[in-house]
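> Could you have a look at this structure, given as structure tokens, before my questions?
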Amino acid sequence: MSQHPMNRREWLGAGAALGLGSLALAGCAVPGTQSITGVTGETPVATVAQGQLKGRRTGQVLTFMRVPYAANPYVASNRFKAPQPMPAWSGVRDASSAGPMPPQPSRAPGGGLAGAPDDLTMNIWAPANARNAPVLVWLPGGAFYRVNASETWYDGTAFAREGVVVVTVNYRVGIDGFMWVDGMPPNRGFLDQVAALQWVRQNIAAFGGDAGNVTLAGQSAGAQSVMVLMGMPSAKGLFHKAIAQSPPQNHFTPEQARRIAAATAGELKVDPTAQALAGVPMTVLITATERMVTDLRDRAKWGPIGGQPPYLPVVDGNVVTAPPLASLTRHARRDMPLLIGSTDDEARLYLVPGGTIDRIPAQAFAAAIRGAQLPENAALVYAQTRANASPGDMLAAFESDSTFRIPALRFAENRVAAGAPTWNYHFAWQSPGFGGRLGAGHVVDVPFAFNTLGSTQAGPFIGGVGHQPLADTMFGHWLRFVKTGDPGWARYELSTRPTMRFDTTSSVVSDPLSERRQLWAAKKFN
């Protein structure tokens, strides 16, 4: 998320301000030295600032996986620090297969550690023989305690076939990425993202990409990252267009972050210092993360921060200078195109698969409405969400709005007020997944945007093969935006609120779900 192109001195200064000065220097390459140096049979070799990378070729698409953009942050000398330079390597580094995801809780039954310590890495898909191709940099979601840039529904092949270089980025999450650690830089996961964008700026020509035409995109926590980086002065000039799919606005004050850090250290029975935390085995840290995720669900105990993930971005005044909307107003480029939206049934992802939606009592929904201080007709409006809506259905609609849809609209309204070119969408396609009850749930739109309906991850969420004509349509609009900065429908404005509604038949509609939007009109988001 960023702004005007910077010259070399400005770019290095921005890196130094974040503790990235040495990384910025290490990432610099002499113009003209970067290239895909040759193809031996099916084996492409790319030359970047740190050395040579051996990828793989599938038809007209070249793929380079586990490409390091910064050094391993989990070794003792780098722990809890800003990302450090990736040393040069000799010979040709194998980049033909995916590496591990960053350490995080497993999604498997029983949980535990998934992933492994590794360099900070990215994956790249490039058209063969590309020159000055537009670049799409993707930040995966995962509530800031999970991330995996190698999930198959992020496969960039469809974009690469259409002339776009795609980069998917791993960054630190959880305790290592976002927990407050006194004496160490906060928001280390954001620093990683900035370092990745710096690396792209200096090296993407090696893959045929144009560093002056970068679209930064993400979903969920990745989309929030996009919006934060748009308003982050240190990310200025590193990207030129933005896509945010279902961005929340969750963040902590330093005081709130310190409270969670103290509770986490209590779980671990260590002091909340970098030295003490670095001595805890990774498996134990991940177990503590899982316990904190569960503990934060106790709203009575945690008050205003209850119900949120434990390790969120912190408005620290340095890396993140202000809450997202305020940062956008102060720092975001007014001419940066933004494509933003949400799914209609976001929260059903969290309530349907385990059957929680059927166990929601009426008083829980009523309490949510009271807590949000919505107008008196709120319960009636949410009762109309579905035929014979249960308390669980109504709570799902409420949570969809409060966590994702209304924040996305606030971001869009902010950009419109600034005169920035902004486009809004709703994803309304009702997935047959989970017995037809998932609906247009959170993340269901991702394989449609990437045109990866056949991917391993997509199947359960789209209920089988999905709807390929919708994928062709949505992917086509995303492709057009990446190439031109205009997805191909009317810009968002506040009198009629034109919104592309993606469904079996897609069309632009005015102010969809307007009654629900109006319930939140007086609600302030920072």
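> Could you give the distance between the Cα centres of segment 44-59 and segment 146-184, to the whole Å?
Cα centroid to Cα centroid, the span is 20 Å.
> Additional query: Could you state the orientation-averaged shadow area of the convex hull built on the Cα atoms of segment 297-406, in nm² to one decimal?
Its average projected convex-hull area is 9.3 nm².
> Place a point 7 Å from the Cα of Lys524 along the Cα-to-Cβ direction; which residues of segment 369-409 have their backbone N under 11 Å from it?
Output list for this probe position: empty.
> Taking the Cα centre of the chain as origin and charging only Cβ (+1 Lys, Arg; -1 Asp, Glu), how large is the dipole, in debye to the nearest 20? Present the calculation step by step, with values, prior to reporting the outcome.
Working: 45 positive and 36 negative charges, 135 e Å.
Around 640 debye, computed over the chain.
> Now for a different question. Under the 0.36 nm per residue contour assumption, what length would be gained going from the current alpha-carbon distance of Glu515 and Ala367 to full extension?
Taking Glu515 through Ala367 to full extension adds about 51.3 nm, to one decimal.
> Please work out the FRET efficiency for the pair Asn129 and Val508, using the Cβ-Cβ distance as r and a Förster radius of 30 Å; give the result to the nearest 0.05.
So, using R0 = 30 Å, E works out to roughly 0.25.
> Between Pro310, Leu285, Phe239, whose Cα lies farthest towards the positive end of the dipole of segment 222-312 when Lys and Arg beta carbons carry +1 and Asp and Glu beta carbons carry -1, centred on the Cα centre?
Going by the charge dipole, the pick is Phe239.
> Which residue, chosen from Val381, Thr321, Trp138, occupies the Cα position most advanced towards the positive end of the dipole of the chain, where the dipole is computed from +1 (Lys, Arg) and -1 (Asp, Glu) charges on Cβ about the Cα centre?
Thr321
> While we're here: At a threshold of 8 angstrom on Cα-Cα distance, excluding pairs fewer than six apart, so keeping six or more, what relative contact order does segment 318-442 reach in percent? Walk me through the intermediate numbers first.
Details: 164 pairs, mean separation 55.7, N = 125.
Contact order relative to length: 45 percent.
> For Lys301, Lys523, what's the largest-to-smallest order of accessible area, 1.4 Å probe? Before the final figure, lay out each step's value.
Values: Lys301 105, Lys523 70 Å².
Ranked list, largest accessible area first: Lys301, Lys523.
> Oh, and also: For the charge dipole of the chain, defined by +1 on Lys and Arg C-beta atoms and -1 on Asp and Glu C-beta atoms about the Cα centroid, which residue among Gly355, Trp429, Thr43 has the Cα displaced farthest towards the positive pole?
With unit charges placed on the Cβ atoms, the residue in question is Thr43.
> PRE reach from Asn388 (point 7 Å along Cα→Cβ): which of segment 342-356 fall under 13 Å by backbone N?
none
> Students often forget the sequence filter, so: which lysines lie under 23 Å Cα-Cα from Lys301 once same-chain residues fewer than 8 apart are removed?
Straight-line reach from Lys301, under 23 Å: Lys269.
> Also, I was wondering about something else. Per residue, how big is the convex hull around the C-alpha atoms of segment 460-526? Give it to me in cubic angstrom, could you?
With only Cα atoms used, segment 460-526 gives 160 Å³ per residue.
> Using a simple charge model, +1 on the beta-carbon of Lys and Arg, -1 on the beta-carbon of Asp and Glu, nothing else, what dipole does segment 54-146 show about its Cα centre, in debye to the nearest 20?
Values: 10 positive and 3 negative charges, 25 e Å.
With only Lys, Arg, Asp and Glu charged at Cβ, the dipole is about 120 debye.
> Further question on the same structure: Give the percent of DSSP beta bridges with both residues in the chain that are antiparallel, rounded to the nearest 5.
On the way: 30 of 64 bridges.
Here the share of antiparallel DSSP bridges comes out near 45 percent.
> Where Rh denotes the Kirkwood radius from the mean inverse Cα pair distance, what is Rg over Rh for the chain? Don't skip to the end; give the middle numbers.
On the way: Rg = 22.0 Å, Rh = 23.3 Å.
Rg/Rh: 0.95.
> Counting each DSSP H run of 4 or more residues in the chain as -39500 (n - 2.57), what helix-only mean residue ellipticity at 222 nm follows after dividing by all residues, to the nearest 500 deg cm²/dmol?
Value at 222 nm, helices only: -9500 deg cm²/dmol.
> Rg/Rh for segment 49-140: what does it come to with C-alpha atoms and Rh from Kirkwood?
Here the Rg-to-Rh quotient is 1.02.
The values are calculated or read from the model by the stated rules, or taken from the named source; none is laboratory data. This one's a predicted model, so the numbers in the text were calculated from it and none came from an experiment. Here the Cβ is made from the backbone with ideal geometry for all residues, glycine too, and neighbour counts use every protein chain on show. The protein model used for the area step is the full one, side chains on, heavy atoms only, and it has no ligands, DNA or RNA in it. Shrake-Rupley method; radii C 1.70, N 1.55, O 1.52, S 1.80 Å.
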